[in-house]
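Student: Quick one: structure below, then a few questions.
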Amino acid sequence: MAVTGVFMSAVADTHAQDHHHGPAKGISRWLLTTNHKDIGTMYLIFSFAMFLLGGTMAMVIRAELFQPGLQIVQPEFFNQMTTMHGLIMVFGAVMPAFVGLANWMIPLMIGAPDMALPRMNNWSFWLLPCAFLILVSTLFMEGGAPNFGWTFYAPLSTTYGPPSTTFFIFAVHIMGISSIMGAINVIATILNLRAPGMTLMKMPLFVWTWLITAFLLIAVMPVLAGVVTMMLMDINFGTSFFDASGGGDPVLFQHVFWFFGHPEVYIMILPAFGAVSHIIPAFSRKPLFGYASMVYAVGAIALLSFVVWAHHMFTVGIPIVGQLFFMYATMLIAVPTGVKVFNWVATMFRGSLTFEAPMLFAVAFVILFTIGGFSGLMLAIAPADFQYHDTYFVVAHFHYVLVPGAIFGIFASAYFWLPKWTGHMYDETLAKTHFWLSFIGMNLAFFPMHFLGLAGMPRRIPDYALQFADFNMVSSVGAFMFGATQLLFLLIVIKCIKGGKKAAAQPWDGAEGLEWTVPSPAPYHTFATPPEVK
Amino acid sequence: MRVHAQRAGALLGGLMFPAWSMADWTLNMTPGVTGTSNEIFSLHMTILWICVVIGVVVFGVMFWSIFAHRKSQGAKPANFHENTLVEILWTIIPFVILVVMAIPATATLVDMYDTTESEVDIKVTGYQWKWQYEYINEDFGYFSNLSTPRDQIENRQAKGENYLLEVDNPLVIPVGKKVRFLLTANDVIHSWWVPDFGVKKDAIPGFINETWTRVDKPGIYRGQCTELCGKDHGFMPVVVEAVPEEEYNAWVAEKKEAAERERQLTQKDWTMAELMERGEKAYQTACAACHQPDGSGAPPAFPALKGSPIATQDMAAHIDIVVNGKAGTSMQAFGNQLSEVDLAAVITYERNAWGNNTGEMVTPKEIFDYKNQQ
């Protein structure tokens with residue numbers, strides 16, 4: 001006991017010294033930092049930069065598709081744009097944005113002084129710019145960037161891939177390492193550093209969803225690493241994993257890829273579920289309806305995500321029993337997802353609602369994500385999927401779950417916690433403008449894609465038959481509108497960092513949680529002494 | 001169900017876009033012309049309406065809350081945060097709806113997978129970027145290439161009615177017969193889709209997939225490749241002509257005769273001018289997509305032929321690469337894709353066009369002997 005006492009006081013002493021340490025000066029603050037807030041900020045800035053880069057590529061795609069015929073780019077380059085757009089948005093924009101939010105908010109929400117593994121935290125961030133430098137540099141290589149779609153199906157990506165494919169594989173490996181380390185850190189932090197009294201079933205939902213997401217990441221990122229390594233071997237070392245003439249199987253690629261890929265799509269949405277589950281109660285001034293069922297629903301979705309991968313492959317010729325299994329399993333996901341949507345609506349019901357920017361984005365999230373869920377349910381019906389598969393209907397579906405799902409979730413979170421991060425309130429009028437322009441632009445861009453797909457337009461084509469012309473033009477106009485609007489977000493954030501109305505520690509009257517007990521802006525070091533949770 | 005669904009769909013469309021002509025603003029899937037496509041359409045409409053009803057209820061409650069429970073309206077928040085009965089109900093009810101959905105879906109799927117008792121068998125092979133159709137029991141086959149002129153694609157000419165959905169040789173099938181398709185691919189994965197049939201299946205190199213259709217209404221049906229297969233993925237349409245049985249039989253007889261004539265052409269003595277003329281045509285359909293009409297290629301993936309060592313130096317190497325392809329690259333083996341006549345014509349053309357004036361020619365007979373030696 002005495003020994004422990006001495007030890008404790010030693011720890012307290014170092015902490016006391018730490019309190020006088022502000023951030024280091026200059027570039028070394030950012031290069032060498034182990035502070036969760038600095039690293040969170042870097043993740044968020046990085047992901048926004050990637051969002052703009054991937055968005056620019058989307059603008060090239062939509063400009064080419066504005067009219068039938070080839071006008072702006074050649075098919076070779078068009079394919080590079082669709083591929084890089086997908087890769088950058090998935091691995092560069094959405095995933096790092098959620099890691100950024102996790103870094104900033106998890107320690108604040110569980111009353112921890114920092115992430116459990118701060119040095120690894122620094123390392124997992126700085127790997128990302130390296131990975132994306134490699135990936136983006138392939139655009140300037142002979143033969144161009146990867147051009148086989150973000151799903152990089154073999155043998156198009158192996159035997160028939162451009163020379164830059166090996167660089168792409170290396171970049172994916174580095175991203176994977178970064179994600180796995182990030183996930184280990186999240187798990188270690190949540191399981192070890194919770195404030196006394198915060199049992200698992202008292203954890204904020206954002207923490208819960210991130211805990212589950214982190215387990216998904218650890219489970220599937222090695223699978224992704226495995227599949228790209230098999231590609232590497234096929235391309236450079238004479239193996240034939242995916243080449244039938246050497247005894248391999250191109251469909252094996254798809255099984256392995258989607259075993260990673262399906263949990264991956266939940267990795268991109270679960271943290272948004274968590275954030276929205278804070279924002280809706282806050283602006284409804286009413287506790288979240290069905291906390292426990294929310295947790296179980298996320299767990300169920302995560303488990304189911306491992307047994308539905310082949311619904312991406314209904315047309316590859318899976319035997320009928322397999323086809324039926326994957327159809328039923330996929331349909332089941334609608335149950336826990338439905339529970340979540342019902343809970344959010346029940347939270348709003350008989351609340352006292354106001355509609356600041358975070359709430360606007362959160363409500364739009366619930367409505368539009370649900371529309372994406374409906375089209376997902378339609379896609380799950382295997383016979384119908386034979387018509388929908390690889391058409392614009394699928395493009396519409398996954399953009400509905402990713403743009404107003406993941407990305408609106410991120411915007412909602414950003415507006416919700418900006419006062420905590422910067423100490424200032426953002427400009428509400430501008431933020432509402434950002435919301436409405438995004439909302440209209442996004443629906444204009446993606447809703448007509450349902451019609452295009454149902455009318456028979458395949459995805460990933462640079463030119464199309466004349467009957468698809470009108471909706472493509474509408475879609476392009478919407479996309480340009482959505483794209484341009486995001487510059488407004490940049491302006492709002494810069495304005496908010498520079499100044500604005502001082503934010504109180506608790507700027508939203510309905511918000512709950514430990515993060516609101518520290519001052520705004522959150523000091524460089526918080527919770528050196530853990531708070532007590534009752 | 002289906003008629004109601006169609007009417008409702010048309011009504012919905014009419015309400016949303018009253019002023020526009022519906023021709024170019026198609027909103028929904030079409031029922032198609034086969035039993036399968038009709039069943040799929042009816043599944044599609046059922047699930048769509050279920051989603052619409054659920055959406056109306058859920059969003060209805062939400063919009064009511066947004067309307068009535070606003071703080072600015074003086075709403076005071078309630079404090080409830082769970083209700084076991086409600087939570088159990090909204091877990092069970094969706095589950096029941098799903099089971100109801102799964103039953104017809106399963107029946108349709110079982111039917112789609114039944115490829116037995118076919119009357120016509122056609123092997124469909126995907127190539128970058130064209131389709132090959134082989135009539136297995138009739139001993140002939142041919143390639144089907146996009147026939148939309150380059151000038152239309154590059155906006156130098158007005159686009160035709162079937163822009164990008166037209167081919168030189170459509171697939172021809174008889175109406176009223178069960179036609180089985182055996183799908184495979186020569187290079188990368190392609191996917192063969194005709195929306196009106198409700199048939200889509202991947203063509204995978206090294207494997208054979210099966211699917212089937214029975215078309216009752218004669219007509220021309222158009223679809224496209226739906227699996228990203230490289231640069232010209234958007235330019236390999238599927239066109240199927242369904243014709244009455246007598247017409248089909250006559251067509252088959254004619255095709256068989258033409259195939260026999262083609263085999264005999266190999267024995268004919270060809271002149272340089274004849275080979276050059278035929279070679280240019282064959283080059284445009286088989287080679288120009290990659291090596292470009294003027295032989296300039298698109299390096300590094302697709303090397304130039306104009307002035308290249310292969311096309312101007314050792315003839316044997318030239319024949320070898322055209323007949324056998326080059327492993328590990330996009331250069332396919334054309335030995336089985338083109339007739340001896342076309343192979344000889346293309347090689348002769350490449351050695352003499354665009355300033356490659358070698359003056360050398362190779363005859364179909366020489367190609368025939370070369371292939372036999374292998």
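Student: What's the extension gain from B:N324 to B:D151 if we count 0.36 nm per residue and subtract their Cα-Cα distance? Provide the component values of the computation, followed by the final result.
Tutor: On the way: separation 173, 0.36 × 173 = 62.28 nm, distance 3.19 nm.
That works out to 59.1 nm of additional length.
Student: Still on this structure: In the P(r) worked out for the range B:266-373, what percent of Cα pairs fall beyond 21 Å?
Tutor: Details: 1444 of 5778 pairs.
The proportion of pairs with Cα distances above 21 Å equals 25 percent.
Student: Right, another one. Normalized C-alpha radius of gyration of chain B, against 2.2 N^0.38 Å? Provide the component values of the computation, followed by the final result.
Tutor: Values: Rg = 27.9 Å, N = 374, 2.2 N^0.38 = 20.9 Å.
Output field value: 1.34.
Student: What FRET efficiency comes out for B:A304 versus B:Q373 if R0 is 30 angstrom and r is the Cβ-Cβ distance? Round to the nearest 0.05. Please report the intermediate quantities before stating the final value.
Tutor: Working: r = 30 Å, r/R0 = 0.99.
The formula returns an efficiency of 0.50 here.
Student: Please report the spacing between the Cα centers of the range A:131-147 and the range A:244-265 in Å, no decimals.
Tutor: 23
Student: Oh, and also: With a sphere of radius 13 Å drawn around the Cβ of A:L31, what net charge do the other residues whose Cβ falls strictly inside it have (Lys, Arg +1; Asp, Glu -1)? Display every interim value, and only then the final one.
Tutor: Numbers: positive: A:K25, A:R29, A:R119; negative: A:D38.
Neighbourhood net charge equals +2.
Student: Let me ask something else. Using every pair of alpha-carbon atoms in the range A:115-172, split the distances into 5 Å bins beginning at 0 and state the percent of pairs per bin, rounded to integers.
Tutor: Reading upward from the zero bin: 4, 19, 24, 18, 11, 9, 7, 6, 2.
Student: Cut-off 10 angstrom, C-alpha nodes, Gaussian network model of chain B. Which of B:D187, B:D202, B:D232 fluctuates the most?
Tutor: B:D232
Student: Additional query: By how many degrees, 0 to 90 and rounded to 10, does the Cα axis of helix B:35-68 deviate from the longest principal axis of chain B?
Tutor: Relative to chain B, helix B:35-68 is tipped by roughly 40 degrees.
Student: Mind checking the angle between helix B:364-373 and chain B's longest principal axis? C-alpha axes, 0 to 90 degrees, to the nearest 10.
Tutor: 80
Student: To the nearest 20 debye, what is the magnitude of the charge dipole of the protein assembly as shown about its Cα centre, counting +1 on the Cβ of each Lys and Arg and -1 on the Cβ of each Asp and Glu?
Tutor: 4020
Student: Using only the alpha carbons of chain A, determine the length spanned along each of the three principal axes and report them from longest to shortest in whole angstroms.
Tutor: Here the spans come out as 71, 53, 48 Å, largest first.
Student: Shifting gears a bit: Summing +1 for each Lys or Arg and -1 for each Asp or Glu, what net charge is found among the other residues whose Cβ lies under 11 Å from the Cβ of A:A297? Kindly include the intermediate steps, with their values, before the conclusion.
Tutor: Details: positive: A:K340; negative: B:E87.
Charge balance in the 11 Å sphere: 0.
Student: Sort A:40-52, B:211-223 by packing, meaning the average of other beta carbons within 10 Å per residue, with the highest value first.
Tutor: Details: A:40-52: 20.6, B:211-223: 19.1.
My ranking of the peptides, most packed first, is A:40-52, B:211-223.
Student: For the protein assembly as shown, what is the mean residue ellipticity at 222 nm derived from helices alone (per DSSP H run of n ≥ 4: -39500 (n - 2.57); sum divided by total residues; nearest 500 deg cm²/dmol)?
Tutor: On the way: 30 runs with 509 residues, N = 908.
Dividing the helical sum by the residues of the protein assembly as shown leaves -19000 deg cm²/dmol.
Student: Compute the normalised compactness of the protein assembly as shown: alpha-carbon radius of gyration over 2.2 N^0.38 Å, N being the residue count. Let's see the in-between values first.
Tutor: Numbers: Rg = 30.2 Å, N = 908, 2.2 N^0.38 = 29.3 Å.
Taking N as the residue count of the protein assembly as shown, the ratio is 1.03.
Student: Can you run the Rg to Rh ratio on the range B:312-369? Use alpha carbon positions and the Kirkwood inverse-distance Rh. Intermediate values should be presented prior to the final figure.
Tutor: On the way: Rg = 11.1 Å, Rh = 11.6 Å.
Rg divided by Rh gives 0.96.
Student: Separate question: Tell me the per residue accessible area of the range A:37-241 using a 1.4 Å probe; a whole number in Å² is fine.
Tutor: Details: 6240 Å² over 205 residues.
Per residue, the range A:37-241 has an accessible area of 30 Å².
Student: Solvent-accessible area of B:H291, probe 1.4 Å, all protein chains present, reported in Å² to the nearest ten, please.
Tutor: Result for B:H291: roughly 30 Å² accessible.
Student: Moving to a separate point now. Along its three principal axes, how long is the range B:120-262 when you only count alpha carbons? Whole Å, largest extent first please.
Tutor: Principal extents (Cα only, largest first): 41, 34, 33 Å.
Student: Would you grab the residues whose amide H sits under 5 Å from the one on A:R459? Only those 5+ places off in sequence or on another chain, please, with H modelled 1.01 Å from N.
Tutor: A:T391, A:Y392
Student: What's log10 of I(q)/I(0) for the range A:273-337 at q = 0.12, 0.21 Å⁻¹, Debye sum over Cα points only, no solvent?
Tutor: Cα-only, vacuum Debye calculation for the range A:273-337: -0.44, -0.83.
Student: Kindly point out which whole DSSP H helices in chain A project their C-alpha atoms 15 angstrom or further along the helix axis while averaging a Kyte-Doolittle hydropathy of 1.0 or above. Before the final figure, lay out each step's value.
Tutor: Numbers: long enough: A:2-18 (24 Å, 0.48); A:36-64 (42 Å, 0.94); A:75-87 (18 Å, -0.30); A:95-110 (22 Å, 1.56); A:118-137 (30 Å, 0.88); A:165-192 (40 Å, 1.66); A:205-236 (45 Å, 1.97); A:250-267 (26 Å, 0.72); A:270-284 (21 Å, 1.31); A:291-304 (20 Å, 1.84); A:320-332 (18 Å, 1.66); A:334-348 (21 Å, 0.89); A:357-380 (33 Å, 2.10); A:408-422 (20 Å, 0.65); A:428-455 (41 Å, 0.85); A:469-498 (45 Å, 1.43).
Within chain A the helices that satisfy the rule are A:95-110, A:165-192, A:205-236, A:270-284, A:291-304, A:320-332, A:357-380, A:469-498.
Student: All other residues with a Cβ under 9 Å from the Cβ of B:A301 taken together, and with Lys, Arg as +1 and Asp, Glu as -1, what is their net charge?
Tutor: Numbers: positive: B:K231; negative: A:E76.
Value of the local net charge: 0.
Student: In a Gaussian network model over chain B where Cα atoms closer than 10 Å are linked, find which of B:V252, B:V322, B:V53 has the largest mean-square fluctuation.
Tutor: Result for chain B, Cα springs under 10 Å: B:V53 fluctuates most.
Student: Quick one: what do you get for the range A:37-241 if you divide its Cα Rg by 2.2 N^0.38 Å?
Tutor: After normalising by residue count via 2.2 N^0.38 Å, the value is 1.15.
The values are calculated or read from the model by the stated rules, or taken from the named source; none is laboratory data. What you see is a predicted model; the values in this text were computed from it and never measured. Don't worry about glycine lacking a Cβ; one is built from the backbone with ideal geometry, like all the others, and counts go over all protein chains shown. Just so you know, the surface numbers come from the protein's heavy atoms only, side chains and all, with ligands and any DNA or RNA stripped out. Shrake-Rupley method; radii C 1.70, N 1.55, O 1.52, S 1.80 Å.
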